[in-house]
Amino acid sequence: MSKVGETTLVLDLSALEHNYNYLRSQIRPETKFLGVVKAFAYGSDMIVIARKLEQLGADYLAVAYVSEGVLLREAGIQLPILVLHPLASNFDDLIEYYLEPSIYSRNILNQFLETAKLTKKTAYPVHIKFNTGLNRLGFSEADIDYIAKKTKNNGSIIIISALSHLAASEDVNEREFSLKQISSFENLSNKLTEKLDYAPMRHMLNTSGIINYPEAQFEMVRSGIGLYGYGNQANVDAQLRPVATLKTIISQIHQIDINESVGYNRAFKSNKPLKSATLPIGHADGIGRQYGKGKGFVTINNKKAPILGNVCMDMIMVDVTDIDCKEGDEAIVFGPKKSAENFAATANTISYEILTAISQRVKRELKNN
């Protein structure tokens with residue numbers, strides 16, 4: 001991996017391929033695979049990741065919002081794209097760019113039907129979202145007759161799938177609840193199919209679901225965090241490779257005397273002489289203030305350098321007293337040897353948060369394999 005000269009998120013597409021192949025190996029050959037690329041592909045590079053997944057043979061992509069899908073279409077991505085949380089104000093763009101909405105309520109269903117009719121669409125693909133216990137978005141069993149009545153003889157749309165979402169697929173202590181969700185979804189999707197004259201495909205499993213509930217693959221599975229190298233379980237993490245490595249450099253080194261302070265609000269005060277290094281990365285880049293005051297740390301020349309005092313908007317200061325280093329040396333925030341999950345854990349949060357928080361101002365670079 002080449003040395004960086006500024007704060008850079010290095011993306012390893014060979015790791016993405018490895019993760020994709022591992023997850024594919026956990027499902028039946030005929031099961032379709034949907035890659036989740038929302039939130040700039042979990043903070044990496046949505047277009048680069050989508051192109052690679054298209055090349056690898058993914059069947060579907062998913063984004064959170066219409067604007068994300070538009071970016072993919074404008075970049076030339078041809079795969080079907082599911083929009084997980086479409087809003088009615090964006091339906092014209094959704095249809096113009098041939099994105100597929102997840103329909104989750106009567107209100108959204110009616111508004112989309114109206115838009116499809118006005119734009120003279122026929123058999124436009126939509127996905128019906130059922131709430132089976134996450135209680136975030138989705139129809140209930142009481143809505144099935146309404147959905148069927150509204151869609152069965154309406155030529156504007158076709159229900160291409162029914163979906164739901166597990167609430168705690170990685171938690172062994174919630175296995176009973178997850179199995180109840182799976183059973184509920186199977187019941188709901190079967191009842192919907194009975195009301196239609198065709199059978200939509202079904203999908204419910206996320207990354208941890210793929211590993212822990214293979215019997216519930218249905219016709220398609222969805223993976224987000226697993227593609228980027230994190231499995232929410234130590235045994236799964238061991239099979240995956242982090243795609244993103246966040247690196248920066250030492251801008252300046254200071255000698256700090258006893259009783260001197262470092263950073264805003266004098267949040268760190270030295271009780272002994274030490275050496276600090278200033279790095280050009282801060283909370284505007286995604287390293288939140290919660291990582292300050294010795295909680296978070298970076299790695300410099302294979303040694304741990306704790307963050308001193310408060311995280312600044314554009315900088316952090318780290319303790320390099322016992323590290324042989326110089327200005328211009330690299331500092332690793334997270335990567336294969338120290339995962340984003342490990343870094344996040346220092347502030348009692350999760351890999352999803354630190355990955356998706358990485359600012360778009362941070363340079364993205366593809367690893368030279």
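Accessible surface of residue 2 in the full protein assembly, 1.4 angstrom probe, to the nearest 10 Å²?
50 Å²
Pop out the carbon and sulfur fraction of the accessible area of the stretch 129-269 as a percent, whole number, probe 1.4 Å.
44 percent
With the contact rule set at Cα under 8 Å and sequence spacing of 6 or more, what percent relative contact order holds for the chain?
20 percent
Just check the stretch 54-137 against the gyration tensor rule for me: Cα atoms, a ≥ b ≥ c as the square roots of the eigenvalues, rounded for a/c under 1.5, and otherwise prolate or oblate depending on whether a/b exceeds b/c.
Oblate shape, in that a/c is at least 1.5 and b/c is the bigger or equal ratio.
For the stretch 1-132, what percent of Cα pairs sit more than 27 Å apart?
The share of Cα pairs beyond 27 Å in the stretch 1-132 comes to 28 percent.
Please give every one of the aspartates and glutamates within straight-line cross-link reach of residue 150, meaning a C-alpha to C-alpha distance under 16 Å, and leave out same-chain neighbours fewer than 8 residues apart.
Candidates past the 8-residue exclusion: 114, 141, 194, 197.
Just to confirm a number: summing +1 for Lys and Arg and -1 for Asp and Glu over residues other than residue 16 whose beta-carbon lies under 14 angstrom from that of residue 16, what do you get?
Details: positive: 24, 51, 52, 241, 364, 367; negative: 12, 17, 45, 54.
Here the charged neighbours net out to +2.
Assuming a viscosity of 1.567 mPa s and a temperature of 4 °C, what translational diffusion coefficient in µm² per second does Stokes-Einstein assign to the stretch 163-234, Rh being the Kirkwood radius over Cα pairs?
101 µm²/s
Looking at the stretch 36-138, which trypsin sites (Lys or Arg not before Pro) are in a loop (DSSP not H, G, I, E or B) and have at most 10 other Cβ atoms within 10 Å?
On the way: sites: 38, 51, 52, 73, 106, 117, 120, 121, 129, 136; in loops: 120, 121, 136.
Counting only loop positions with at most 10 other Cβ atoms within 10 Å, the trypsin sites (Lys or Arg not before Pro) in the stretch 36-138 are 120.
Going from most exposed to least, what order do 353, 74, 68 have by accessible area with a 1.4 Å probe?
Details: 353 85, 74 120, 68 25 Å².
Ranking 353, 74, 68 by accessible area, largest first, yields 74, 353, 68.
Do any of 293/326; 129/295; 129/367; 38/367; 180/295; 32/152 go past 32 Å between their Cα atoms, and which?
Over 32 Å apart, Cα to Cα: 129/295; 129/367; 180/295.
DSSP loop trypsin sites (Lys or Arg not before Pro) in the stretch 142-241 with at most 13 other Cβ atoms within 10 Å of their Cβ, which ones? Can you show the working numbers first?
Numbers: sites: 149, 150, 152, 175, 180, 191, 195, 202, 222; in loops: 152.
Counting only loop positions with at most 13 other Cβ atoms within 10 Å, the trypsin sites (Lys or Arg not before Pro) in the stretch 142-241 are 152.
What number does the stretch 249-369 give for Rg over Rh if you use C-alpha atoms and the Kirkwood radius?
Checking Rg against Rh, the ratio lands at 0.96.
Equivalent ellipsoid semi-axes for the chain, as square roots of 5 times the alpha carbon gyration tensor eigenvalues: give them largest first, rounded to whole Å. The partial results should precede the final answer.
Numbers: eigenvalues 400, 83, 70 Å².
Semi-axis lengths for the chain are 45, 20, 19 Å.
Write down the radius of gyration of the stretch 173-286 and its Dmax, each obtained from C-alpha positions, in Å.
Just the Cα atoms of the stretch 173-286 yield Rg and Dmax of 25.2, 78 Å.
Note down the net charge around residue 323, summing +1 for each Lys or Arg and -1 for each Asp or Glu among other residues with Cβ under 14 Å from its Cβ. Walk me through the numbers before you get to the answer.
Working: positive: 275, 303, 304, 326; negative: 319, 322, 324, 327, 329, 330.
Here the count lands on -2.
So which aspartates and glutamates pass the test for residue 363, namely a Cα distance under 16 Å, with those fewer than 8 places away in the same chain ruled out?
Hits, sequence-local ones excluded: 6, 12, 45, 285, 314, 330.
Sort the stretch 55-211 into rounded, prolate or oblate with this rule: let a ≥ b ≥ c be the square roots of the eigenvalues of the Cα gyration tensor; rounded if a/c is under 1.5, and if a/c is not under 1.5, prolate when a/b is larger than b/c, oblate otherwise.
Numbers: a/c = 1.94, a/b = 1.24, b/c = 1.56.
Oblate shape, in that a/c is at least 1.5 and b/c is the bigger or equal ratio.
What is the percent carbon and sulfur in the accessible area of the stretch 306-369, measuring with a 1.4 Å probe over the protein chains and ignoring ligands? Before the final figure, lay out the partial values.
Values: 1570 of 3090 Å².
Result for the stretch 306-369: 51 percent of the exposed heavy-atom area is carbon or sulfur.
Could you pull the Rg and Dmax for the stretch 43-100, using just the Cα atoms, both in Å?
Rg, Dmax (Cα atoms, Å): 10.8, 33.
With +1 on the Cβ of every Lys and Arg and -1 on the Cβ of every Asp and Glu, and nothing else charged, how large is the dipole of the stretch 46-137 about its Cα centre, in debye rounded to the nearest 20?
Using Cβ point charges on Lys, Arg, Asp and Glu, the stretch 46-137 gives about 240 debye.
State the volume of the convex hull built on the alpha-carbon positions of the stretch 244-318, expressed per residue in Å³ and rounded to an integer.
Output value, Cα hull per residue: 87 Å³.
Over the chain, give the accessible area per residue in Å² for a 1.4 Å probe, as an integer.
Accessible surface, normalised per residue, equals 45 Å².
Looking at the chain only, what percent of DSSP beta bridges run antiparallel? Nearest 5 please.
Beta bridges within the chain, antiparallel portion: roughly 45 percent.
The values are calculated or read from the model by the stated rules, or taken from the named source; none is laboratory data. None of these values were measured; they are calculated from a predicted model. Glycine also receives a Cβ, built like all others from the backbone with ideal geometry; neighbour counts cover every protein chain displayed. Calculation scope for accessible area: heavy atoms of the full protein, side chains included, ligands and nucleic acids excluded. Shrake-Rupley method; radii C 1.70, N 1.55, O 1.52, S 1.80 Å.
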